[in-house]
Amino acid sequence: MSALEAAAPRRALSLATVGMTKVFGSFTALDDVSIEVPAGQFHVLLGENGAGKSTLVKCIMGFYQPDKGSLIVDGRPVTVRNPKEAQALGIGMVYQHFTLVPSLTGAENLVISRADAPAVIDWRREKASLARFMAGMPFQVPLDRPVSTLSAGEKQKLEIVKLLYLDQRFLILDEPTSVLTPGEADEMLGLLRGMASRGEITVLMISHKFREVMTYADAVTVLRRGARTGGGMVADLNPDLMAKMMIGDTKIRESAARVAHPGEPTVLELAGIFADDDKGLPAVNGVSLKVHAGEIVGIAGVSGNGQSALVEVLAGQRPMKDGRVFIHDKPFEPVRRDFDRFKVFGLPEEPLKNATVPRMSVAENMAFRAFDKPPMASFGWWFSPAPMRAKAVELIERYKVKTVSPDSPIETLSGGNVQRAVLARELSGDVDVLIVANPCFGLDFASVAEIRGQIMDQRNRGAAVLLVSEDLDEILELADRVAVMSEGRIAYVAAVGETDRTTIGRHMAGH
């Protein structure tokens, strides 16, 4: 009989890394990192992008072999050469992207994940076994439906149930709430915290959300540039202390004050916009929304509910099937002429891919909005490189873009500096409308503070700002009003001061 057929409580595992080091060529991704996670603890691994978090857990899981150091599980030194050996030790991982087979049911996904799954499956026996197993689970997930029909929250729960079904007693979770509504995130983390408290599992979670850390974690370890810079019991810490461990002495821009703009006119109006996705299926379904001068309207929603398609429509990157866009009550078309005429600027998702030509220089990318205008061009066609370079030098200094030279390819810049370079281009003139999408995804604290400050500055100067973000904390910090997109539609609109996280989350979930 499989150990999974018994619903007996599972014993949590302890895990420690000792002096773990991993080098790729001349780059040290992990530098002598030691962490200790006692059995039954809910432990969070904090750190900015590139801090070494993913490298550490990949060494634990056997995707990478450390160059130095050791792994200790339940007090015994072990060698893990691949994920299968990690699984045999009771260590499992839930990845940022789902690993389930969409066309199979939840039950089929669970059974085929077993190493001892038979070639011919007795489904009557397996379903009875699954029913007994699920009776002891804190997560109730429909197992009789194809995974493709499940919500993001249900899929995430099923990923965790799969690890428990495989008798994994040390769970590594990589940003597990990034695809969940606030309510789903709280439910899932609360249940996992309960299981850890009862000694059934141990949890090591990668996260960047201090609210989740302070609410659910017992302890944290902080990495920066591949090294451990601090940690401790959450009861002894606060977000400011953890942020300092993550960023060191880097100076952070203070949040901009919010200037009141009562009774300002509508600047940007979306009127009944429809658009299809790449497969020809409806992605944006009749979106109507108004943004006033001196206002930030934040569009919240779980990834995949039409937000990205809407931004692409407004940027001219996706055809509009129906509807109109008006600026100052005049029709707007997403073409270069109207972007200039109506002073519409933007920062799309993944700007290196969507807002730059990677192999062109920083100066050339900064000139995209002005290369055919004086002083860079004469007679509408005679281009002068010197004014272009001089303008780039000015913008690089004003927007604190870190680059070796204005002539360096923009692809050589860090993510935060690509964002700054694009913002320098987009915000260096008069702005009436600003459209930004996930502007701070994957950036360090200093870049996040700087970019959010730039967005708020434009709002305070009177620009109408449409902010599309999957980070609800970002929307609650910046927006004056929040609009929730669900299944391609605007499902809810409210002033930020007149709503709350729970209400927004309920609408994000389609309720």
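The values are calculated or read from the model by the stated rules, or taken from the named source; none is laboratory data. Note that the structure is predicted; figures quoted are calculated from it, not measured. With ideal geometry, Cβ positions are generated from the backbone for all residues, glycine too; neighbour counts draw on all protein chains shown.
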Which of the residues spanning the stretch 55-88 are within 19 Å of L163 (Cα to Cα) and touching a residue at least 40 places away in the same chain (Cβ under 8 Å)? V57, C59, I60, M61, V73, D74, Q87
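Based on what the data block shows, is A386 of a type in the set (G, A, S), crowded, with 21+ Cβ neighbours inside 10 Å and part of a helix (DSSP H, G or I)? Step through it out loud before you land on a result.
Details: of a type in the set (G, A, S): yes; crowded, with 21+ Cβ neighbours inside 10 Å: no; part of a helix (DSSP H, G or I): yes.
In short, no.
Could you list, in sequence order, the residues of the stretch 96-111 that are out of contact with any helix residue (DSSP H, G or I) (no Cβ under 8 Å at 6 or more places or on another chain) and part of a loop (DSSP other than H, G, I, E, B)? Explain how you work it out, then say what you get.
So in the stretch 96-111, the residues out of contact with any helix residue (DSSP H, G or I) (no Cβ under 8 Å at 6 or more places or on another chain) come out as 96-97, 108.
If the condition is that a residue be out of contact with any helix residue (DSSP H, G or I) (no Cβ under 8 Å at 6 or more places or on another chain) and part of a loop (DSSP other than H, G, I, E, B), then Q96, H97 are the ones that fit.
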Wholly within the stretch 405-488, helices (runs of 4 or more DSSP H) carrying at least 3 residues that are out of contact with any helix residue (DSSP H, G or I) (no Cβ under 9 Å at 6 or more places or on another chain) and outside the structural domain of A300 (by TED's automatic domain parsing): 445-460
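Only one residue in A119, A131, A115, A86 is more than 29 Å from D218 (Cα to Cα) and part of a helix (DSSP H, G or I). Which one?
On the way: A119 fails: part of a helix (DSSP H, G or I); A115 fails: part of a helix (DSSP H, G or I); A86 fails: more than 29 Å from D218 (Cα to Cα).
The unique qualifying residue is A131.
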Can you tell me which residues in the stretch 163-179 are touching a helix residue (DSSP H, G or I) at 6+ places or on another chain (Cβ under 6 Å), within 18 Å of A135 (Cα to Cα) and outside any loop (DSSP other than H, G, I, E, B)? Y165
Looking at (1) surrounded by 14 or more Cβ atoms within 10 Å (Cβ to Cβ); (2) modelled with pLDDT of 90 or more; (3) under 29 Å from the mean Cα position of the chain (by Cα), can you tell me which one G69 breaks? (3)
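Output the residues belonging to the stretch 489-508 that are among the polar types (S, T, N, Q), under 15 Å from I299 (Cα atoms) and part of a helix (DSSP H, G or I).
In the first step, residues of the stretch 489-508 are kept if they are among the polar types (S, T, N, Q); the result is 499, 502-503.
Cutting the leftovers down to under 15 Å from I299 (Cα atoms) gives us 499, 503.
Correct list: T503 only.
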Identify the residue in the stretch 347-371 that is closer than 21 Å to V448 by Cβ and among the polar types (S, T, N, Q) and, among all such residues, is surrounded by the fewest Cβ atoms within 10 Å (Cβ to Cβ). N354
Residue count, the stretch 304-330, condition modelled with pLDDT of 95 or more and surrounded by fewer than 17 Cβ atoms within 10 Å (Cβ to Cβ), comes to 9
Filter the stretch 457-511 for residues that are in contact with a Gly (Cβ under 9 Å, 6 or more places away or on another chain) and of a type in the set (S, T, Y); which is nearest to T149 (Cα to Cα)? S486
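Which strands (runs of 3 or more DSSP E) does the stretch 222-340 wholly contain that include 3 or more residues that are farther than 30 Å from T181 by Cβ and outside the structural domain of A483 (by TED's automatic domain parsing)? It would help to see each step written out before you state the result.
Values: elements: 227-233, 266-276, 282-292, 295-300, 322-327.
Per the criteria, 227-233.
Could you tell me whether L89 is surrounded by 15 or more Cβ atoms within 10 Å (Cβ to Cβ), within 23 Å of I201 (Cβ to Cβ), under 23 Å from the mean Cα position of the chain (by Cα) and not polar (S, T, N, Q)?
Details: surrounded by 15 or more Cβ atoms within 10 Å (Cβ to Cβ): yes; within 23 Å of I201 (Cβ to Cβ): yes; under 23 Å from the mean Cα position of the chain (by Cα): no; not polar (S, T, N, Q): yes.
No.
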